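Written below as structure tokens is the structure these notes are about.
Rule-based calculations on the coordinates, nothing more; no lab input. Everything numeric here is computed off the predicted structure, so don't read it as measured data.
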Amino acid sequence: MERRIISICSAPGWGALFDQLEDPEAGQEVVTLTAWALVENADHETRVVGLVQKPKSEDGSVGVLDFADQSPGFAGYMNQGLKTKPAGT
């Protein structure tokens, strides 16, 4: 599915849920979103999709971003809340 990113914005407190495909009994893993992306497909339909950093690849490249919903085991999104410090610390 080819999509074009129209805009991105930060995603503080949001994560993508992934089923553990190697060990289904392990439950789900939460991966922090790097950003939200407004994307458009070939039919000019738009939607908001989370971006995640892919694990280190076999060729050693790191830092590659991908659409969360195109990653294996994608199960949805969740808000993890924001961690804040008390005033004056």
Considering every residue within segment 28-37, establish whether at least one is within 14 Å of ARG4 (Cα to Cα) and not polar (S, T, N, Q).
yes
Subset of segment 1-26, residues under 12 Å from the mean Cα position of the chain (by Cα) and under 15 Å from GLN70 (Cα atoms), comes to GLY15, ALA16, LEU17, PHE18
